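Shown next, in structure tokens, is the structure this report addresses.
Quick note: the coordinates plus some simple rules give every number you see, no bench work behind them. Because the structure is predicted, anything quoted here is derived from the model rather than measured. Every residue, glycine as well, gets a Cβ built from its backbone with ideal geometry; the counts of neighbours run over all protein chains shown.
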Ligand code: ZN
């Protein structure tokens, strides 16, 4: 089959070409629970750029073995091509989306439904991913799609959407009418998070972003209050929330000072959810104690979360903006993403 292969890292992200379009062996069923998926769409994610930079090497490859060559792509959807002898309920041609982690199902975390924890692997990071015609995965990671959802239109939900859904669902469980939730950042993840919050809770949604374009998108996707991040955003949020701050703050940025501002927008006993990453969170312990604020981490989501998100997408409640590229143009898609030239989410189509 054809695939886009990362053959060497580029720490400075300056090379003219990062991945090579080449012939590789077809993936094979090796375990009775394996599934081969014909890729219908693979999302191009900022994490792929970090993989190319080598940022993920220490996490995904702790033994120091060289992982390259590696087929990128962790946001995958398509159609069942072949199933192992123990796989039931899936047949060739069924449209599916894939949870980003292949888990064994025997760890206690997996039995609790937390597939992102416990042992497992990440296609596209620690083993071959979906920038290819076919992908091998495990049956536990397969979510069947409703018949009206095209794999290419939902592929990026496998990571970006799932992460936004996971945190918005967590926040919505404690949010009541009359309360407030702040989303810092209305980009790729943020604009999905806003739609999920709109569908799942009755709190008023305040969106903070420095881009007027992002704020316009936020308004269209359900924001009740728009706050321009111009240096006065904390005060603007306090003004909207009658001086108290919001019950929930979801920080999709996590760098360039957003964590301090996010915590300053969180009211006493409120929850600050961190999704974006880059800087350290610095806060005096006594300050957390006096205010009883909670800082909550978030890592992708569960298999059930992905199922629920597909239900929302099927009902037209969560829309993902996409820009389609042919698989052979993966390098262009990655460079466009790096240059900030992709409108919506880039999707590779074999
Ligand atoms: Zn991703």
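Sequence-distant contacts, meaning Cα pairs under 8 Å at least 6 residues apart, place the relative contact order of the chain at 18 percent. Taking the chain as a Gaussian network of alpha-carbon nodes connected by springs under 10 Å, the highest mean-square fluctuation of the residues 202, 132, 246 belongs to 202.
Shape class for region 24-87: oblate, because the ratio a/c of the largest to smallest gyration tensor axis (alpha-carbon atoms, square roots of eigenvalues) is 1.5 or more and b/c is at least a/b.
Comparing 257, 120, 40 in a Gaussian network model of the chain, where Cα atoms under 10 Å apart are tied by springs, the biggest mean-square fluctuation is seen for 257. In the chain, what percentage of the DSSP-assigned beta bridges are antiparallel, given to the nearest 5? If I count the DSSP bridges inside the chain, around 55 percent turn out antiparallel. Report the paramagnetic label zone for residue 256: residues of region 325-350 whose backbone N is under 13 Å from a point 7 Å from Cα along the Cα-to-Cβ axis. Residues 340 fall inside that zone. Sorting 286-295, 178-187, 322-331, 235-244 by average packing, meaning the other beta carbons within 10 Å per residue, from highest down gives 178-187, 322-331, 235-244, 286-295. Each label point was placed 7 Å from the Cα along the Cα-to-Cβ direction; for residue 12 and residue 341 their separation is 2.1 nm. Where a ≥ b ≥ c are the square roots of the eigenvalues of the C-alpha gyration tensor, would you call region 177-305 rounded, which needs a/c under 1.5, or, failing that, prolate if a/b is larger than b/c, or oblate? Rounded. Relative to a virtual label point 7 Å from the Cα of residue 31 in the Cα→beta-carbon direction, which members of region 56-86 show backbone nitrogen distances below 16 Å? Counting backbone N atoms under 16 Å from the label point, the list is 83-86. Computed on region 83-171, with alpha-carbon pairs under 8 angstrom and 6+ residues apart, the relative contact order is 34 percent.
Placing pseudo-labels 7 Å out from each Cα toward the beta carbon at residue 112 and residue 60 gives an inter-label distance of 2.7 nm. Over the chain, dividing the summed -39,500 (n - 2.57) contributions of all DSSP H runs of at least 4 residues by the number of residues returns a 222 nm mean residue ellipticity of -7500 deg cm²/dmol.
The label-point distance for residue 22 and residue 311, in a model that sets each label 7 Å from Cα toward Cβ, rounds to 4.5 nm. Assign one of three labels to region 63-174, namely rounded, prolate or oblate, based on the Cα gyration tensor with a ≥ b ≥ c the square roots of its eigenvalues; rounded applies when a/c is under 1.5, prolate when it is not and a/b is larger than b/c, and oblate otherwise. Here region 63-174 falls in the rounded category. For the options 80, 194, 29, a Gaussian network treatment of the chain with springs between C-alpha atoms closer than 10 Å singles out 29 as fluctuating the most. What is the helix-to-structure angle for 303-314, meaning the angle in degrees between its Cα long axis and the longest Cα principal axis of the chain, kept from 0 to 90 and rounded to the nearest 10? Taking the Cα atoms of the chain, the angle to 303-314 is about 80 degrees.
Ranked for footprinting exposure by Cβ neighbours inside 10 Å, fewest first, 175, 189 give 175, 189.
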